[in-house]
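Written below as structure tokens is the structure these notes are about.
The values are calculated or read from the model by the stated rules, or taken from the named source; none is laboratory data. Fair warning: this is a prediction, and the values are worked out from it, not measured in the lab. FYI the Cβ positions are ideal-geometry reconstructions off the backbone, even for glycines, and counts take in every protein chain you see. Remember, those area values only see protein heavy atoms, side chains included, never the ligands or the DNA or RNA. Shrake-Rupley method; radii C 1.70, N 1.55, O 1.52, S 1.80 Å.
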Amino acid sequence: MLVAWISSQPFSHKASSVLASVGAMRRGSANDHSDGNQKKSLQYSPWNGSFSFWYKNRLLTFRSVQKEGRIFREEEISVSCIGRSPDVLRELFSECRAEYLKLVKNKTSVFEHRDRGWKKTRAIDKRPLDTVILEERKKKALVEDIKDFLDPETRVWYSRRGIPYRKGYLLYGPPGTGKSSLSLAIAGAC
């Protein structure tokens, strides 16, 4: 979210080191041109270094450092300012968040399990449920079951009874039969 905002600002070109990534959701950008006919654009973002910039008449410093994680390399990002009040940082993060939420509004977030936790790896355009080939009755029943499960009252019901709040579905079939497509369409619909 922060890196996407910083990368879109003219001052980000001051970074002495940049990371170029192709198209997708790398490091917070939501520019995924996945129509197949168009070349994916390069995204440039500050990487492994620091630079200063002005935000609302306050001098801020952006730092990005690569660290070794348990399995994957991790990036530690910080933004600092001189002064006694962190209000300017709160305003910056609030603006970054608002811009990021606009970018991912009609997207489905995809998470991967890394280093004992879930990390958002990309955001893709929502897939309409009617583009998945499956009996309408089965699709409707599955979506209703998931929506019922996601209802806040259901979480309370599980909690009161001491039951772990989780649900699983086993989708089976040979590769290319629509299991992932169905999952992504349902994620976009619910």
DSSP bridge orientation in the chain - percent antiparallel, rounded to nearest 5:
100
Those chymotrypsin sites (Phe, Trp or Tyr not before Pro) from segment 53-148 that are DSSP loop and have at most 16 other Cβ neighbours within 10 Å turn out to be Phe72
Which of Arg155, Arg84, Arg127 ends up with the largest GNM mean-square fluctuation for the chain, with Cα atoms connected below 10 Å?
Arg84
Give the lysines reachable from Lys167 as a straight Cα distance under 24 Å; neighbours fewer than 8 places away on the same chain don't count.
Lys107, Lys119, Lys120, Lys126, Lys138, Lys139, Lys140, Lys147, Lys179
Residue-normalised value, i.e. accessible area per residue, for segment 61-190 at 1.4 Å probe, in Å², stands at 76
